[in-house]
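The values are calculated or read from the model by the stated rules, or taken from the named source; none is laboratory data. All values derive from a computational prediction rather than experimental measurement. Note: areas computed on protein heavy atoms with side chains; ligands, DNA, RNA excluded. Shrake-Rupley method; radii C 1.70, N 1.55, O 1.52, S 1.80 Å.
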Amino acid sequence: MKYVDTKKGTILLMFRPIPDFVQKCLFVGLILILLTPPATAEQGVQDLLPDSTVARGTGLIAEAWLGQPVGRYGHGVLGDRTEAGTLYARLANGRVVGHRLDSRSVFEDLTVRLADLNGNGQDELVVVQSSLEQGSALAVLGLRAGRLQAIARTPWIGTRNRWLNPAGIADYDGDGVMEIALVRTPHIGGTLQFWQLAGGELIARGELYGFSNHRIGSRIQDLSATLDWDGDGIADLLLPEVGRRSLAVVTLSGGTTRVLTTLPLPAEVKGPLTLNAGGRSVRVPLENGETVSIGPDT
């Protein structure tokens, strides 16, 4: 016990001595607190858009994701009326950088695609950006001077609530440079387009009408697959035609967009489409519950 003098008198303080083992536990706990660094954005994915996925890379950009959920657009093409206002990337050194849109647009997507579009050894980031007034465009961002910056964008569709869905990224024409394939307005007579990043701009390389790689309101965007269908060493694109009751194999070989073959299906494509082992065939889940395997040898 201990006496403490105050202006109003003396206070008697009584306490029990702390057992040795308790003192040791407190000491160890204090040391652990002092040695543990504060939590930072680098230690985990922050602010992730609901139901979206984290893209992972092997270069300077280790991870990329969509965040800052916002409700300012209200289109709902991907199942709800919440879109992303910010794109984040974690670098290989652990630092997190972001690119935030202004109030006039959103990222209307569920994943960021990482690909080296210009052959400089560093991944760009590919995502759907939608204007509140002019609908969607395909946006390409990149790391410049340690910051995420917009590099290029396709033209806006031009009408509010009109969307596009990426279909693949590969060297579809065999020129050694990647193209981005997308379907513009996949719910109302979709047009397949191929775009290539050149000189800081996206250049149209070809297009073909009559495709649909998304069911409106669905979270599943992967209704296409890339494989070398005809064995010529150049990537081809497999995707549903309008109505999603048949698949088409499209090539851009030689710079000309054309259909190599079409394949009827017993039901509508549900997705997601995934390559089987070896990359020579594709698993295609259907709306009736069946899953079929499609390939040049099947």
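Here is how the numbers come out for the structure above:
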quantity: For q = 0.19, 0.23, 0.29 Å⁻¹, Debye-computed log10 I/I(0) when each Cα of the range 212-278 counts as one equal scatterer; calculated: -0.76, -1.02, -1.32
quantity: Stokes-Einstein diffusion coefficient of the range 143-298, Kirkwood radius over Cα pairs, 4 °C, 1.567 mPa s, in µm²/s; calculated: 80
quantity: Mean Cα-pair separation over length for the range 124-238, i.e. relative contact order, pairs under 8 Å, 6 or more apart, %; calculated: 18
quantity: Helical contribution to [θ] at 222 nm, DSSP H n ≥ 4, -39,500 (n - 2.57), averaged over the chain, rounded to 500; calculated: -2000 deg cm²/dmol
quantity: Value of Rg to Rh for the range 90-227 (Rh from inverse mean 1/r over Cα pairs, i.e. Kirkwood); calculated: 0.95
quantity: Other-chain or far-sequence residues with amide H under 5 Å of I203's (modelled H); calculated: Q196, L197, A198
quantity: Between helix 20-35 and the chain: long-axis angle, C-alpha atoms, 0 to 90°, nearest 10; calculated: 40
quantity: Candidate residues V292, V183: accessible-area rank, largest first, probe 1.4 Å; calculated: V292, V183
quantity: For D228, residues with placed amide H under 5 Å, excluding near neighbours; calculated: D236
quantity: Global geometry of the range 114-177, whether rounded, prolate or oblate, following the gyration tensor of its Cα atoms and the 1.5 cut on a/c; calculated: oblate
quantity: Length-normalised contact order for the range 188-298 - Cα pairs under 8 Å, 6+ apart - percent; calculated: 18
quantity: Part-to-part distance (alpha-carbon centres) for the range 231-298 and the range 157-221, which is given in Å; calculated: 16
